[in-house]
Amino acid sequence: MHFQRSQNPKDLMEGMELHKAALTDDPGTSSCKSAFWLTSYGDVMKDFFEIAVRLEPANLAIKCYRRSLELLSNESLCYWQTLHELSVTLRLLYNLSSQIGHLEEASALEQQALRLATPQHPLQAASLTNLGKIYYRLYERNGNLDFIKQSVTYSRKALSSAYIPHLLRPELQNGLAVSLSIIVEGLGGDIGEVVSLFRATLTLVSCPLRHKLHAEHELGPALRLQFLQNSDISVLDEAIILQRKCMESSSLPRQQFVWVMNLALSLQARFYHFRQPDDLAEIIALYEESLKSIPVLHHERPKFLYNLGNVLLVQFETKPEINTLDRATVYRTVSNFK
């Protein structure tokens, strides 16, 4: 197995054919050899799944990894690597299936891999990183802050590893910063570390473009929280500029409604500071636009509806209209937000 495998579809197709031939030719006299080829073939299928986003390669990868684990000694390095790759595949599969069992098994497998891992081995950072991502997904599932705290713990451990691959650092910094910002919003605390992590990613010389874009997109909401803590209007202005830029981007790393809502929240903060009517009108328009796309069961939807109701109440105070008051009352009531 390799840290950097090819993402070229032609290379992956050729790799699949070579692995099929190797598995067919192997007489099966060496379980270790068979396990190696099974795990390696699983790696190729997992990479293919990440590109094609189809169930067939993911299921085949999982089948190969499970069979490989049956053939290997649980004290071997290959066993631990295979546990890790199986866990990653199940986590990725969850993104497509939304089946909580995939995440729960991914967590159990990676915990097992971490217990077997040699503390100084470079792949330990990969296990810690994967656990951070798994617990973040679990938080997204039900909004339980205990999961996001676990995500932060594992991400910090991964970042502190002396063996972390250089190209993994920006992704880890971004992930840790996102998780920390959720904790600050939910429980309070200083947002300064979050802003620093995103800015650090943006200053990395060899940082892949997608991670720089992610840091830029997430920096806006973090700056809004920083403004709420220090009342520096220049920080909020920077946040709004960044968020407007994100709205025009065609490569948003998260759902569109999230960025619409983030811009609305920043404009709302500026409105409460300066009471500019133009901001209020844009805030309502943004909230109503994103209301069309936010999933009904999304854990942020109640807070979103409650905020929209509050903004409409402010509009009613400045321009009394019974229709505005009725909408505000409905949104606040159906939000059931405490």
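The values are calculated or read from the model by the stated rules, or taken from the named source; none is laboratory data. These numbers were taken from a predicted model, which means no experiment stands behind them. Cβ sites come from the backbone with ideal geometry, for glycine too, and all protein chains shown count toward neighbours.
At-a-glance table
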| read-out | value |
| --- | --- |
| Whichever residue in the range 301-334 is aliphatic (A, V, I, L, M) and closer than 22 Å to W259 by Cα and, among such residues, is farthest from the chain's Cα centre (by Cα) | L312 |
| Leading residue by the ranking (modelled with the lowest pLDDT) among those in the range 196-213 that are more than 14 Å from A177 (Cβ to Cβ) and not hydrophobic (A, V, I, L, M, F, W, C) | S206 |
| Considering residues of the range 270-300 that are acidic (D, E) and under 19 Å from R244 (Cα atoms) only, the residue farthest from the chain's Cα centre (by Cα) | D278 |
| Residue within the range 122-141 that is more than 21 Å from S160 (Cα to Cα), surrounded by fewer than 18 Cβ atoms within 10 Å (Cβ to Cβ) and outside the structural domain of L187 (by TED's automatic domain parsing) present | yes |
| Some residue of the range 267-287 being in contact with a Gly (Cβ under 9 Å, 6 or more places away or on another chain) and modelled with pLDDT of 80 or more | no |
| Of residues in the range 51-98 being in contact with a Phe, Trp or Tyr (Cβ under 6 Å, 6 or more places away or on another chain) and of a type in the set (A, V, I, L, M, F, W, C), the one farthest from I134 (Cα to Cα) | L72 |
| Of residues in the range 169-208 being over 19 Å from D146 (Cα atoms) and among the hydroxyl-bearing types (S, T, Y), the one nearest to the chain's Cα centre (by Cα) | T201 |
| The range 80-104, residues that are of a type outside the set (A, V, I, L, M), assigned to a helix (DSSP H, G or I) and surrounded by fewer than 18 Cβ atoms within 10 Å (Cβ to Cβ) | N95, S97, G101, E104 |
| Residue within the range 171-186 that is in contact with a Pro (Cβ under 8 Å, 6 or more places away or on another chain) and under 21 Å from H299 (Cβ atoms) present | yes |
| Scope the range 201-213; condition more than 19 Å from I240 (Cβ to Cβ) and either basic (K, R) or in a helix (DSSP H, G or I) (or both); matching residues | T201, T203, L209, R210, H211, K212 |
| Output for the range 61-79, where each listed residue is outside any helix (DSSP H, G or I) and buried (at least 18 other Cβ atoms within 10 Å of the Cβ) | L72 |
